[in-house]
1. Taking the range 64-87 on its own, how many of its residues are closer than 16 Å to VAL127 by Cβ and open to solvent by 20 Å² or more (accessible area, probe 1.4 Å)?
2. Could you please let me know if ALA368 is within 20 Å of ALA268 (Cα to Cα), assigned to a strand (DSSP E or B) and touching a Pro at 6+ places or on another chain (Cβ under 7 Å)?
3. I'd like the residue in the range 171-186 that is under 28 Å from THR229 (Cα atoms) and small (Gly, Ala, Ser) and, out of all such residues, is surrounded by the most Cβ atoms within 10 Å (Cβ to Cβ).
4. Mind checking which residues of the range 101-149 are hydrophobic (A, V, I, L, M, F, W, C) and part of a loop (DSSP other than H, G, I, E, B)?
5. Only one of ARG355, ARG364, ARG342 is among the basic types (Lys, Arg) and surrounded by 20 or more Cβ atoms within 10 Å (Cβ to Cβ); which?
6. Can ASP362 be described as within 20 Å of the chain's Cα centre (by Cα), at pLDDT 95 or above, acidic (Asp, Glu) and closer than 20 Å to THR313 by Cβ?
7. Would you point out which residue out of THR313, THR330 is open to solvent by less than 20 Å² (accessible area, probe 1.4 Å), within 18 Å of the chain's Cα centre (by Cα) and under 11 Å from THR298 (Cβ atoms)?
8. Does the range 127-151 hold any residues that are closer than 19 Å to TYR66 by Cα, modelled with pLDDT of 95 or more and open to solvent by 10 Å² or more (accessible area, probe 1.4 Å), and which are they?
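The values are calculated or read from the model by the stated rules, or taken from the named source; none is laboratory data. No experiment lies behind these values; they were computed from the predicted model shown. A quick note on method: Cβ atoms are made from the backbone with ideal geometry, for glycine too, and the neighbour counts reach across all protein chains shown. When the accessible area is computed, the model is the full protein with side chains, heavy atoms only, and any ligands, DNA or RNA have been set aside. Shrake-Rupley method; radii C 1.70, N 1.55, O 1.52, S 1.80 Å.
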Amino acid sequence: MSAARTGTGSDTAAGAAGIDRRHFLGTVAAGAAASAGAALLTVGDAAPAQARHRSAPRPRATRPLYLGTYTSIAGGGTGVGLGSYDAASGQITATGVVTGVADPSYLALAPNGRTLYAVDEQEQGAVTALALSPDGPPRVLGSRPTGGAGPCHLSVHPGGRWLLSANYLGGSVAVHPIDPDSGALGARTDLVAHSSPPPGPGQDGPHAHQIVTSPDGGHVLAVDLGTDTVYSYRLDESAGKLTRVSYAVLRPGAGPRHLTFHPSGTFAYLANEVDNTVVVCGYDPSTGKLTPGEPQSTGTGAGTSFPAHLLVTEDGGFAFLANRGHNSLTRYAVEAGGARLRLLDTVPVGGDFPRQIAFSPDQRLLFAANQKSGSVTVFSVDAGSGALESTGQPFAAPVPVCVLPL
């Protein structure tokens with residue numbers, strides 16, 4: 001791997017507001033919003049009692065699914081979308097919507113599965129907690145300000161006690177405590193602005209785009225598109241404070257957006273939005289140091305295609321990348337124990353501007369939230385080859401920017 005600029009220190013200055021994210025991304029009026037309604041259920045095919053012992057069909061397992069959207073734009077949703085999907089076919093059914101959550105553009109589930117968290121991607125950014133119930137729709141527990149503008153990503157620390165969020169326009173990351181009983185959020189315990197290195201070419205300031213915990217739980221990594229940098233922090237789990245221990249700077253103008261770890265915990269893959277590349281990074285769990293390698297092709301041809309989101313299979317065999325401009329999914333074989341990505345092919349996503357992708361829990365299905373076409377497309381994933389095959393017609397949804405199948 002080539003050498004990358006790294007350093008240590010701590011951030012102190014406040015981040016500046018940046019470009020209008022939604023104007024850059026563009027939006028298109030989407031299909032009808034999910035109808036208000038029923039709780040998410042598991043259903044089965046009925047059969048006469050006397051036939052069940054030998055010949056009753058196996059139940060059609062359905063599982064819950066949640067959709068993030070923008071509520072403040074034309075054609076957007078009215079809150080967090082509720083749905084269910086068939087675990088075999090991938091078919092999605094709308095079951096309702098939770099209103100009262102503004103611009104919930106990214107969603108994350110608590111480790112115990114009882115609470116859903118959403119960003120409120122607005123000028124006065126916030127994060128919202130929703131209590132989940134098997135007997136009814138989610139219930140809003142309340143919101144807390146993030147201290148920055150345009151939060152676009154959040155994640156729950158593996159211990160379940162802290163919520164981490166990234167303020168895109170504010171160029172900062174925030175920490176909130178989680179009540180262990182209710183899942184509700186407490187007042188913010190930390191806010192760290194990305195004040196150095198300086199912004200990259202064409203950027204007006206820092207733009208924190210993701211915050212995620214390393215697989216071993218030892219470090220928190222924040223990806224900043226505006227400074228071409230990935231910051232590594234230690235989280236004080238008693239006080240909810242972040243201390244920067246390292247940082248890795250990508251080549252100028254790369255625009256890092258999203259990082260995904262290999263299951264080994266010693267490699268990570270970084271999607272660069274601006275220069276249309278993917279980078280394999282070495283990762284040292286003991287220090288939190290990330291070492292980027294050489295940029296690689298996304299398979300989408302010349303120019304930029306705004307790579308968005310990366311997934312890696314739990315066995316570490318394959319990686320998938322959503323390309324918004326190319327409207328495709330790139331498939332990579334993961335080789336050399338995670339140290340190498342080999343480009344296999346690109347597959348049309350069947351929608352416009354795939355903003356985010358997600359696996360079903362068993363990883364037999366891959367879901368893509370297509371922002372501009374107002375659709376969610378679903379693919380079956382071949383466990384042996386990683387090959388993707390569309391499962392059918394797209395599901396209409398109002399400006400879907402995040403899909404979370406449980």
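1. Total satisfying the criteria: 1.
2. no
3. GLY171
4. Matches in the range 101-149: VAL101, ALA102, ALA110, ALA149.
5. Exactly one of ARG355, ARG364, ARG342 is among the basic types (Lys, Arg) and surrounded by 20 or more Cβ atoms within 10 Å (Cβ to Cβ), namely ARG355.
6. Yes.
7. THR330
8. Answer for the range 127-151, where residues must be closer than 19 Å to TYR66 by Cα, modelled with pLDDT of 95 or more and open to solvent by 10 Å² or more (accessible area, probe 1.4 Å): ALA131, LEU132, PRO138, ARG139, VAL140, LEU141, GLY142, SER143.
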